[in-house]
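Working notes, structure below.
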Amino acid sequence: MSSEARVLIAPSLLSADFADFAQAARAAREAGAELLHFDVMDGLFVPNITFGPQTVQAVRHHSDALFDVHLMIVQPERYIEQFAQAGADIITVHAEACVHLQRTLAQIRECGARAGVALNPATPLNVIEYVIPDIDLLLVMTVNPGFGGQQFIPEMLRKIARARALLDEAGSDAWLEVDGGINGVTTPMVVRAGARVLVAGSSVFGHPEGVRAGVEELRQAVWEAQERV
Ligand code: DX5
Ligand code: ZN
């Protein structure tokens, strides 16, 4: 299999020490992660509550990684400008949370960020069919959003492969991202299916030997997927 497409790693702060995001951000960057993933939850779209744009802004001073902000909130259009100003490079909204998805994606780009769409496991891919030109990233959720440390849903492998085909057929160079249950075991499977950005919370920040070991384990798994025939 060819290895031309570089796979990027996005550690999720959801599994880091909430009292020391600055240190977590530095450790992830030093381990070679290209992105830093922020899980924003409002207690409505998902049961959990995390943090808002102030936190993104505070961490911005401690990392030059690409800030990948995953909004698990209702009516995300209300907060896009604030997250862009806080330093988000990529802002991803859930299709299920947007009544006017195309407008919201355009709004993200107008704010100077890259526009992402996330799909819950049960949401069909066809909801993005007519907004492909408006997206820079497609996030296929491989667990139901809301919590870290959940089990990867195997049926999502088929969805990732279909998403890869959909983007390729449309001539889109949007990044295909996966999020939930990504570790050394699932990484080769999702990479072979066509994923190009790996979000990983517990397998990086919860790794028993530390963040560097967590990122290296994923890197090794990517290598296995791309080099093995
Ligand atoms: C889940 C979040 C994920 C979470 C993943 O709602 O979107 O980003 O941090 O955690 P793990 O990698 O532990 O499944
Ligand atoms: Zn996420």
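Summary table
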quantity	calculated
Accessible area per residue, Å², the range 1-63 with all protein chains present, probe 1.4 Å	46
Between the range 70-120 and the range 2-48, the alpha-carbon center distance in angstrom	17
Under 14 Å, Cβ to Cβ, from residue 136 - net charge with Lys/Arg +1 and Asp/Glu -1	-3
Most to least packed among 217-227, 27-37, 189-199 [average Cβ atoms within 10 Å]	189-199, 27-37, 217-227
Solvent-accessible area, 1.4 Å probe, carbon plus sulfur percent, for the range 187-229	49
Two-site FRET efficiency, residue 44 against residue 227, from Cβ-Cβ distance with R₀ of 35 Å, rounded to 0.05	0.20
Three-way shape call for the range 1-102 based on the alpha-carbon gyration tensor, with the a/c threshold at 1.5	oblate
Three-way shape call for the range 81-149 based on the alpha-carbon gyration tensor, with the a/c threshold at 1.5	oblate
Qualifying trypsin sites (Lys or Arg not before Pro) in the range 50-129, DSSP loop, other Cβ atoms within 10 Å at most 16	none
Cα-based shape type of the range 68-215, given that a ≥ b ≥ c are square roots of the gyration tensor eigenvalues and the cut on a/c is 1.5	oblate
Accessible surface of the range 28-74 [probe 1.4 Å, protein heavy atoms]: carbon and sulfur percent	53
Value of [θ]222 nm, deg cm²/dmol, for the chain, DSSP H segments ≥ 4, -39500 (n - 2.57) each, nearest 500	-10000 deg cm²/dmol
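The values are calculated or read from the model by the stated rules, or taken from the named source; none is laboratory data. Here the structure is a predicted model, which means the values were calculated and not measured. When we count neighbours, we look across all protein chains shown, and the Cβ atoms used for this are built from the backbone with ideal geometry, even at glycine. To get the accessible areas, we keep the full protein, side chains included, count just its heavy atoms, and leave off ligands, DNA and RNA. Shrake-Rupley method; radii C 1.70, N 1.55, O 1.52, S 1.80 Å.
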